[in-house]
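Below: the structure, in structure tokens.
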Amino acid sequence: MSTPRKADITFISAGAGSGKTHRLTALLQEELTVRAARPAGVIATTFTRKAAAELRARVRGHLLRQGHFALANAMGQARIGTINSVCGQLVARFAFAAGLSVEQQVLDEEQAALVLDRAIDAVLDGAQMDALLALVERLGLKNGRNGDQEEWKEALQTLVDQIRNNDVPLDQLDVFAKTNADALLAHFPPPARADLDATLLQAIRTALPEIEAVAAAGNKKNTTAYLALVKDFERDLERKAAPWGAWIKLSKSAAEASLRATIEPICVLAGRVAEHPGLHADLRRYLDRMFALAGRALAHYQAAKQEMGVLDFADQEHQLLGLLDHPEVAAVLADELDLLMVDEFQDTSPIQLALFLKLARFAKRVVWVGDVKQAIYGFRGSDTALMQSILAALPALGGHKDVLPASWRSRPELVKLVNAVFSHAFADTLAPEEVALSPTRAADLPGAPLANWLLGGKNIDEEGGALAAGVRRLVESGYLVHDKAHGITRPVRHGDIAILAASHERVKTWVAALSARGIPVATARPGLLATPEATLALACLRRLDDPGDTIASAAIVSLADGADPEQWVADRLRYLATGAAHELWREVAIDGHPAHPVLDTLRKLRAALPVLAPREALATVMAACALPEKALDRKSTRLNSVPANISYAV
């Protein structure tokens, strides 16, 4: 990690609420006005486009207020954006010199994820998959932690992401598989020389008669359950089909106290599962197959991108990493790059860290800003150990570390609480002054800064009701908060309250519970065109344009009336049995099948379609079919957002 130029590197440790944005703005302004950095010589990366726009606007505003009009006007030349946007700009600038295409179509994250998912699905077949699934069953990796997808699939997706984030060559994956297996099995005891299967079977057969006799005589539930468990395990072990999790379960299970000595050999032998050579072999085979599967998926993904003529963000990062070694590119950047700033440095992936280290060789000043504590979240492949390593190497890079010591955001009581909790949690990795912040806000609010709500209820729906009741009580209590925008203290409002949930599904449940009780809620929603009301509007437009689009007819019947699929599918099948034209279902009344009012209206509007502009067609359909009044579900959720569709009609 040596650098040709003795870089002036500063790492600013900035905890949440410590004034990071203010410090970044002041630092960038100082570089431009005092140290004569050129706007065109500035590269600043942020985690989001919003943060980039805010930083640029703040610096430009400060420059204007100080009368630096030329610098303010030149701020558009500074490369301030997400790492992906800055990579794209630099690749486009130097592409010709490196023999790359100057026009590149780049997939955004959602598009890339979709193509990658399809690539993974494309390789999940064949004999190799059968062997992998057998290993998955034995290792107990079938069910996911959150029930969303199987655990091995989650692991495969993570592995694919890690390979891309670390820029690992696909032809080296077999080496990485062996290295991972060696590292994993280093935490296991050495393989046993004894035949654990045969020894455990003998112990079970020796103990079974007494267990059966005691179970028959006493009829105690724990003994009966233990007997069934042992017999099932014996049968599976004889067939060499006992899952490894069954060994662990057997080692931890027990019968009634009088059988303790009888079953002890079984428990001891089953508890030696970590020594089993078969388990060691299965783990190696599993990792070999997972790495091979990830390699096949990524090769398929790469081929799909080439066929489409597109790149993703990882491709851009890989290209830029190579470009920075090009002599002509290095010479230009060494001359031009005055300041390199990296915000949210803790979220840097390994390949991005490599980019920042290479760029640091050319910059006259380097500033990295982040909170190592937040690297525990692992956003986009970031790694706490990686951050610790680079900070430990900072002096050798010619750098030093500053700490923003104050908390400007939170109440003093909360700051002290967080200090006490996290100073202890990070005691082995961070010095106390890098964790604890000094509160600066006045303790001027009378209400308790922390409360523990115990939500009653037997299930998540009842918990949602309890949560809604708690929110209502909080608002009705007049609990006082500080209104930063107006500099006043006032009673809490619904918009002051944030609710965090452990999963997206729980968010949906809680949103429904709060909404049903009249509590206003704002949360991330599907895009407009993905909402049921927009789907209905689009189905009406499709049916208006194409009288043969019976899928649109089905969507209209289902969404406009809230009809269950079983109802309209059965009606559709009865209609087809009459021999009537399939495209006229519910559009006209035929043989006891009444016309649906929306479909009938669309049929009557069809003659006017050739003279309607798209915007007019949508407005006409909405008005004539009374879409805003249609109930979508049994809770009478209305088509409130349908009018917003008009603004998208062109």
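The values are calculated or read from the model by the stated rules, or taken from the named source; none is laboratory data. Note that the structure is a prediction, hence the values are computed from the model and not measured. Because the Cβ atoms are built from the backbone with ideal geometry, glycine has one as well, and the counts that use them run over all protein chains shown. The accessibility values were calculated without ligands, DNA or RNA, using every heavy atom of the protein model including side chains. Shrake-Rupley method; radii C 1.70, N 1.55, O 1.52, S 1.80 Å.
Hey, which of the helices (runs of 4 or more DSSP H) in region 542-608, taking only ones fully inside, have at least 2 residues that are among the aromatic types (Phe, Trp, Tyr)?
Output list reads 565-577.
If you go through region 61-70 one residue at a time, how many are touching a residue at least 12 places away in the same chain (Cβ under 8 Å), open to solvent by 50 Å² or more (accessible area, probe 1.4 Å) and in a helix (DSSP H, G or I)?
Residues meeting the conditions: 1.
Looking only at region 16-60, how many residues end up being farther than 26 Å from residue 414 by Cβ and open to solvent by less than 20 Å² (accessible area, probe 1.4 Å)?
15
Identify, by number, the condition in (1) open to solvent by less than 40 Å² (accessible area, probe 1.4 Å); (2) touching a Pro at 6+ places or on another chain (Cβ under 7 Å); (3) within 27 Å of residue 371 (Cβ to Cβ) that residue 434 doesn't meet.
Unmet condition: (2).
If the requirement is being touching a residue at least 40 places away in the same chain (Cβ under 8 Å) and either outside any strand (DSSP E or B) or polar (S, T, N, Q) (or both), which of these qualifies: 53, 44, 37?
37
Yes/no matrix, rows are residues, columns are (1) modelled with pLDDT under 90; (2) in contact with a Lys or Arg (Cβ under 9 Å, 6 or more places away or on another chain); (3) assigned to a loop (DSSP other than H, G, I, E, B); (4) among the charged types (D, E, K, R):
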{"site": "391", "(1), (2), (3), (4)": "yes, yes, no, no"}
{"site": "396", "(1), (2), (3), (4)": "yes, no, no, no"}
{"site": "401", "(1), (2), (3), (4)": "yes, no, no, yes"}
{"site": "413", "(1), (2), (3), (4)": "no, no, no, yes"}
{"site": "430", "(1), (2), (3), (4)": "yes, yes, yes, no"}
{"site": "433", "(1), (2), (3), (4)": "yes, no, no, yes"}
{"site": "441", "(1), (2), (3), (4)": "yes, yes, yes, yes"}
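Counting only residues that are farther than 24 Å from residue 182 by Cβ and either among the acidic types (Asp, Glu) or outside any helix (DSSP H, G or I) (or both), how many does region 272-327 have?
Total satisfying the criteria: 10.
Quick grid of which residues meet (1) under 22 Å from residue 625 (Cβ atoms); (2) of a type in the set (Phe, Trp, Tyr); (3) touching a Phe, Trp or Tyr at 6+ places or on another chain (Cβ under 6 Å); (4) at pLDDT 85 or above:
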| site | (1), (2), (3), (4) |
| --- | --- |
| 565 | yes, no, no, no |
| 571 | yes, no, no, yes |
| 579 | no, no, no, yes |
| 583 | yes, no, no, yes |
| 588 | yes, no, no, yes |
| 598 | yes, no, no, yes |
| 602 | yes, no, no, yes |
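Can you pull out every residue in region 251-269 that is more than 23 Å from residue 219 (Cβ to Cβ) and in contact (Cβ under 8 Å) with a residue 24 or more places away in the chain?
265, 269
From the list 215, 203, which residue is surrounded by 15 or more Cβ atoms within 10 Å (Cβ to Cβ), modelled with pLDDT of 95 or more and within 22 Å of residue 262 (Cα to Cα)?
203
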